[in-house]
Amino acid sequence: MSSRISQGQGSEASRVGVPGDLRDIVHIIEWDLERLKSQRVFLAMRLSWFIIQVFIFARAISLIVRQLTGVSYYEFYLLGIYVSILYSTSISRGYVIADEFDDGIVEYHLSLPVKRWVLVLGRVLGCSLAATIFTLPMMLVVLLAVNALSLPGLLLSTLIAYVFSTGVVGFVIFVVTRVKSTDVTDILFGTIDAILVRLSTVFYPLPVIEALGFAPYYYAALLNPLTSMADAIRLIFLPEYVAYTVSPHALLLYLVGFSLGMMVLALEHYTKRLEAGGWK
């Protein structure tokens, strides 16, 4: 990344203004995407396991649900699986920042002739784009399994997935720079991951959650960004599986607001907490 940025600068004047900042952001995004090339084997293994989960485990679960309730659960469950995979992958992509602190990579990045807000914005956009690309094969498998593959739907859902991923990555970077402890963030994100997925409509329809009669659970699921993401994907491909009536515009606005809000928090906190550089 440093060589590309250095080649793109040339002079101090070229670093001043929007074009220079945009060039730096593009180079940072490219650096994050380059790391995907070293994970081809991991991606193949993850995709293979995902295919097994979709065509064997998911069918077994849906068959049990159908026998107990008479309701088709397979398509609802599969779209939820994709959202959970996207969420977990976005967390892992953003969490590499913590490992980079331990390895001294962040200190190296801070020494480069790049503005701090440009650096963190590039990392948010790059990590989220890497997460979206990484999970794209999983989305294709799901859409083929539910027989809902279409080019317009795929493009729109990919864009929405990217918006959602930027919010998750921004949140991760905010927490990492706030806590500044690899051990604590390991435990924290494991807990957050488990709680947010289950307090959403990723796997459980909202009417079922409401029927439990536990209001805090219901409203937590209603306000959960994973719920908005899952229902946005279902609205695109299988609108009959959306758990509650809500405006598509409201879902999109909520996801955009979540993404922008988390990105601003990451930008503000990263630049201020790392003003002197370093992890400690």
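For the chain, with every protein chain kept in place, what is the accessible area per residue (1.4 Å probe, Å²)?
On the way: 13310 Å² over 280 residues.
The answer is 48 Å² per residue.
Heavy atoms only, 1.4 Å probe, whole protein assembly: order His109, His27 by accessible area, highest first. Mind dumping the intermediate values first?
Details: His109 10, His27 30 Å².
Of His109, His27, the descending order of accessible area is His27, His109.
Can you work out the FRET efficiency for the pair Phe55 and Arg178, with r the C-beta to C-beta distance and R0 = 30 Å, to the nearest 0.05?
Efficiency, rounded to the nearest 0.05: 0.15.
Using a Gaussian network model of the chain whose springs link C-alpha atoms within less than 10 Å, name the residue from Ile187, Ile173, Ile28 with the highest mean-square fluctuation.
Among Ile187, Ile173, Ile28, the largest GNM mean-square fluctuation belongs to Ile187.
Helix-only mean residue ellipticity at 222 nm, the chain, DSSP H runs n ≥ 4 weighted -39,500 (n - 2.57), per residue, nearest 500. What is it?
On the way: 13 runs with 216 residues, N = 280.
Helix contribution divided over all residues of the chain: -26000 deg cm²/dmol.
Any idea what log10 I(q)/I(0) is at q = 0.15, 0.19, 0.24 Å⁻¹ for the stretch 105-211, Debye with uniform C-alpha scatterers and no solvent?
So the normalised log intensities work out to -0.87, -1.15, -1.32.
What helices does the chain hold that run 30 Å or longer along their axis, going by alpha-carbon atoms, with a Kyte-Doolittle average of 0.0 or more, using DSSP H for the helix calls? Provide the component values of the computation, followed by the final result.
On the way: long enough: 74-103 (43 Å, 0.40); 116-145 (43 Å, 1.86); 151-179 (42 Å, 1.91); 248-273 (37 Å, 0.78).
Result, helices passing both filters: 74-103, 116-145, 151-179, 248-273.
Heavy-atom accessible area of Lys115 with all protein chains present, probe 1.4 Å, nearest 10 Å²?
My reading of the accessible area for Lys115 is about 80 Å².
Please compute the net charge surrounding Tyr87, taking Lys and Arg as +1 and Asp and Glu as -1 over other residues with Cβ under 13 Å from its Cβ. Working shown, then result.
Details: positive: Arg93, Arg198; negative: Asp193.
Within the 13 Å Cβ shell, the charges total +1.
Figure the gain on full extension for His249 and Val71 (residue separation times 0.36 nm, minus the Cα-Cα span) and round it to one decimal in nm. Walk me through the numbers on the way to the answer.
On the way: separation 178, 0.36 × 178 = 64.08 nm, distance 2.83 nm.
Using 0.36 nm per residue and subtracting the Cα-Cα distance, I get 61.2 nm.
Put one equal scatterer on each alpha carbon of the stretch 165-235, apply the Debye formula with no solvent term, and list log10 I(q)/I(0) at q = 0.17, 0.24 1/Å to two decimals.
-0.70, -1.04
Using a Cα distance threshold of under 17 Å, what count of lysine pairs results for the chain when pairs must be 8 or more residues apart or interchain? It would help to have the intermediate numbers written out before the result.
Details: Lys115/Lys272; Lys180/Lys272; Lys180/Lys280; Lys272/Lys280.
Within the chain, the lysine pair count is 4.
According to a simple spin-label model (label point 7 Å from Cα along Cα-to-Cβ), what is the distance in nm between Leu149 and Ile133?
Simple spin-label model gives 2.1 nm for this pair.
What span do the alpha-carbon atoms of the stretch 43-157 cover on each of the three principal axes, reported in whole Å from largest to smallest?
61, 32, 25
Please list, short to long, the whole-number percent of alpha-carbon pairs of the stretch 43-91 in consecutive 5 angstrom bins beginning at zero.
5, 21, 24, 23, 14, 7, 4, 1
Hand me the chymotrypsin sites (Phe, Trp or Tyr not before Pro) from the stretch 118-209 located in a DSSP loop with no more than 12 other Cβ atoms within 10 Å, in residue order please.
Working: sites: Phe134, Tyr162, Phe164, Phe171, Phe174, Phe189, Phe203; in loops: Phe203.
Within the stretch 118-209, no chymotrypsin sites (Phe, Trp or Tyr not before Pro) qualify (loop, at most 12 other Cβ atoms within 10 Å).
Counting only protein heavy atoms and using a 1.4 Å probe, what share of the accessible area of the chain belongs to carbon plus sulfur, as a whole percent?
Numbers: 9050 of 13310 Å².
Carbon and sulfur together cover 68 percent of it.
Using Cα pairs closer than 8 Å and at least 6 residues apart in sequence, work out the relative contact order for the chain, in percent.
On the way: 311 pairs, mean separation 68.5, N = 280.
Dividing the mean separation by the residue count of the chain yields 24 percent.
Mind telling me which of Leu78, Leu188, Leu196 comes out most flexible in a GNM of the chain, alpha-carbon contacts under 10 Å?
Its mean-square fluctuation being the largest, the pick is Leu188.
Compute from the Cα atoms of the stretch 38-276 the Rg and the Dmax, the latter being the longest Cα-Cα distance, and quote both in angstrom.
For the stretch 38-276, the Cα-based Rg and Dmax read 18.6, 62 Å.
Counting only GluC sites (Glu not before Pro) that sit in a DSSP loop (anything but H, G, I, E, B) with at most 11 other Cβ atoms within 10 Å, what is the longest stretch of the chain containing none of them?
Numbers: sites that count: Glu12, Glu275.
The reported range is 13-274.
The values are calculated or read from the model by the stated rules, or taken from the named source; none is laboratory data. It should be emphasised that the depicted structure is a prediction, and the values quoted were computed from it without experimental measurement. Every residue, glycine among them, receives a Cβ derived from its backbone with ideal geometry; neighbour counts consider all protein chains shown. Surface accessibility is based on the protein's heavy atoms, side chains included, excluding ligands, DNA and RNA. Shrake-Rupley method; radii C 1.70, N 1.55, O 1.52, S 1.80 Å.
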